[in-house]
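The values are calculated or read from the model by the stated rules, or taken from the named source; none is laboratory data. Since the structure is predicted, the reported quantities are computational estimates derived from the model, not experimental observations. Don't worry about glycine lacking a Cβ; one is built from the backbone with ideal geometry, like all the others, and counts go over all protein chains shown.
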Amino acid sequence: MQRAVLFDETGGPDVLRVAEVPVPKPGPDGVVVEVRAVGINPYDAKARSGLIPLDTPFPRSLGGDFAGVVSAAGADARYWDGTPVVPGDEVLGWGAGTLREHLAVLSSHLARKPAGVPFEVAGSLSTPGQTANAAMGVLEPGEGDVVLVSAAAGAVGFLFCQLALAAGAAVVGTAGPGNHARLQAIGVVPVEYGPGLVDRVRAAAPAGITAVQDNFGREAIDAGLALGVAPDRICAIADRAAVAELGLRSPGRYERRADVLDRLARMVADGGLVLPVQAVLPLERVAEAFSLLETRHLHGKVVVAP
């Protein structure tokens, strides 16, 4: 048997419990991973609370990202490049119900974990990294662009900022004052969110902005429109109503890809991409981890280590 996080009803973090469940076996093209780290995401909190309606029966499991060590592999288990997956491989990836000690997952959902990347960083990378990458594919910022990024200190925003800067764009990022130094350290011009944002962005980018990546809500979208950015140069991942109403861009339900995750992990290993971790908590403190996540005033990922 193994320990896994389950919940029997929607609600706050207190509905989560740690239960004993069977250890899975791999399918022909699957693996079983001994999970070392799970970065929790806003989606997980919304699924637990009922804000995102699900039709799966209770008890439900939780978690989408992970990193760990392969303990068993099916005969046809292969990485995205065709290389066989073997027990002992250190991996990262995505799956369903990853908040557990042993996870069965398709090998197509795996990337190799570079040796220099800590498990807690690797286990936090898939959702924010692939979302940021998908948004980059929508906006395609580059030389000459000045991008306004909202929630720039959050995981998706922070990774998007780095990818946009690497592509040659300049970035103005909204964040609370406590995160300004961290944004400046990677080359972002920080501005505080809240009333007066348009004037602060105008002062930070006097030549104007050319695109907006919104990761939080309407404020940055409205600021971009007020500053003359065309709707098709605004990408929003948090406000679906605004996307439909204003004709904005969005990656929508993008396809997750193991080769993309592999590239992002190698960028982390090479120092070209940074994903800070704020807290690592054990499985039995999962409710505390979600309470911390839901304060929404973070300076890094919240990670559960089974």
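Remarks
- Flag if PRO22 is surrounded by fewer than 19 Cβ atoms within 10 Å (Cβ to Cβ), in the same structural domain as LYS301 (by TED's automatic domain parsing) and either touching a residue at least 40 places away in the same chain (Cβ under 8 Å) or closer than 22 Å to ALA279 by Cβ (or both): no
- Taken over the range 23-41, the criterion of being farther than 21 Å from LEU283 by Cβ and among the charged types (D, E, K, R) is satisfied by LYS25, ASP29.
- Single residue of the range 209-228 satisfying the filter (aliphatic (A, V, I, L, M) and surrounded by fewer than 21 Cβ atoms within 10 Å (Cβ to Cβ)) that is nearest to LEU246 (Cα to Cα): LEU225
- Qualifying residue in the range 94-113 (condition: under 14 Å from ARG266 (Cα atoms) and not basic (Lys, Arg)): yes
- Single condition LEU163 does not satisfy, out of (1) modelled with pLDDT of 95 or more; (2) of a type outside the set (Phe, Trp, Tyr); (3) in contact with a strand residue (DSSP E or B) (Cβ under 8 Å, 6 or more places away or on another chain): (3)
- Filtering the range 47-66 to residues that are outside any strand (DSSP E or B) and surrounded by 14 or more Cβ atoms within 10 Å (Cβ to Cβ) leaves ALA47, ARG48, SER49, PRO59, LEU62, GLY63, GLY64.
- Pick from the range 122-162, criterion within 8 Å of the chain's Cα centre (by Cα) and surrounded by fewer than 24 Cβ atoms within 10 Å (Cβ to Cβ), ranking: nearest to VAL260 (Cα to Cα): GLN130
- For the range 257-306, taking the residues that are of a type in the set (D, E, K, R), under 15 Å from the mean Cα position of the chain (by Cα) and in the same structural domain as ARG112 (by TED's automatic domain parsing), the one that is farthest from SER61 (Cα to Cα) is identified as ARG296.
- The single residue among ALA185, ALA238 that is surrounded by 14 or more Cβ atoms within 10 Å (Cβ to Cβ) and within 28 Å of ASP65 (Cβ to Cβ) turns out to be ALA238.
- Residue among ALA265, ALA203 that alone is more than 22 Å from GLY95 (Cβ to Cβ) and outside any loop (DSSP other than H, G, I, E, B): ALA203
- Filter pass, ASP44 being of a type in the set (D, E, K, R), modelled with pLDDT of 95 or more and part of a loop (DSSP other than H, G, I, E, B): no
- Pairs linking a residue in the range 106-129 that is of a type in the set (Phe, Trp, Tyr) to a residue that is surrounded by fewer than 24 Cβ atoms within 10 Å (Cβ to Cβ), with Cβ atoms under 8 Å and 6 or more positions apart or on different chains, are PHE119/ARG36; PHE119/GLU90; PHE119/ALA305.
- Of all residues in the range 150-171, those satisfying the criterion of being assigned to a helix (DSSP H, G or I) and touching a Ser or Thr at 6+ places or on another chain (Cβ under 9 Å) are ALA155, VAL156, GLY157, LEU159, PHE160.
- For ALA72: the one exception among (1) surrounded by 14 or more Cβ atoms within 10 Å (Cβ to Cβ); (2) in contact with an Asp or Glu (Cβ under 7 Å, 6 or more places away or on another chain); (3) of a type outside the set (Phe, Trp, Tyr); (4) more than 14 Å from VAL304 (Cβ to Cβ): (2)
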